[in-house]
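For reference, the structure discussed in these notes is given below.
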Amino acid sequence: MTPSFGRPPFQADERTALIGWLDLQRQILRWKCEGLSEADAHRSVIPTSPTMTMAGLISHMRWVEHTWLEVLFLAGDETQNPSFDAADEDADWRTDGVPLQQLLADYEAQCARSNEIADAASLDDVGRHPGYRSGAANLRWILIHLIEETGRHAGHADIVRELLDGAKGYY
């Protein structure tokens, strides 16, 4: 596992730094999936967290991006997002056998959509969803939160991957 990506420039403007750090964490999360078999991608290795599989992590992060930028920031429809399923708090982690490559493609597409949304707005623009307190966050806050959440789950992916097949790697 040898990464080939880098951090944003030391003297980057705020937007470049925020998107650069977010993109780096996204890349690290995807990198942790390289070379995994389908069985391992869907295998649970943490008995107290059965949905925390590599596939589940990717699915969850796809829906996290959708939640923050399409639903909360743009006031989009949350009904298509399993994160809003009141009957199952882990619905966005459940992959129901969806192949890892499809989950990664969906995540990649969602990240591209998230970047389009961020590129078209001011960092000071405020979310538009009136039904959620978090919808009042500005884009800057949302991007910082996404960096934090993606980084946290990239760390989870480190541990899950090592438990699956012993593969280790630090960027």
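Would you tally the net charge around ASN115, using a Cβ to Cβ cut-off of less than 13 Å, leaving ASN115 out, and scoring K and R as +1, D and E as -1?
Details: positive: ARG15, ARG26, ARG113; negative: ASP23, GLU65, GLU70, GLU108, GLU116, ASP119.
Net of charged neighbours comes to -3.
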Given the -39500 (n - 2.57) contribution per DSSP H run of 4+ residues, what per-residue ellipticity at 222 nm results for the chain, rounded to the nearest 500 deg cm²/dmol? -15500 deg cm²/dmol
Evaluate 2.2 N^0.38 Å with N set to the residue count of the stretch 29-143, then give the Cα radius of gyration divided by it. 1.13
Answer rounded, prolate or oblate for the stretch 1-92, using the Cα gyration tensor with square roots of eigenvalues a ≥ b ≥ c: rounded when a/c is under 1.5, else prolate when a/b is larger than b/c, else oblate. oblate
Of the GluC sites (Glu not before Pro) in the stretch 1-109, those whose Cβ has at most 13 other Cβ within 10 Å and which sit in DSSP loop: GLU34, GLU89
What does the charge dipole of the chain about its Cα centre add up to, to the nearest 20 debye, if the Cβ of each Lys and Arg holds +1 and the Cβ of each Asp and Glu holds -1? 420
Quick one: the Cα spread of the stretch 102-171 along its three principal axes, in angstroms, biggest first? 44, 24, 23
So how tilted is helix 14-31 from the main axis of the chain? Cα-based, degrees 0 to 90, rounded to 10. 20
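For the stretch 1-50, what does the alpha-carbon gyration tensor say about shape, rounded, prolate or oblate, given a ≥ b ≥ c as the root eigenvalues, a/c under 1.5 as rounded, and a/b over b/c as prolate?
prolate
Between beta-carbons, use under 15 Å as the cut-off and find the net charge around ALA167, counting Lys and Arg +1, Asp and Glu -1.
Numbers: positive: ARG30, LYS32, ARG43, ARG161, LYS168; negative: GLU34, ASP40, ASP158, GLU162, ASP165.
Charge balance near ALA167 sits at 0.
No lab work stands behind these numbers, since they all come straight from the coordinates. Nothing here was measured: the structure is a model prediction, and the numbers come from that model. We place every Cβ from the backbone using ideal geometry, glycine too, and count neighbours over all the protein chains shown.
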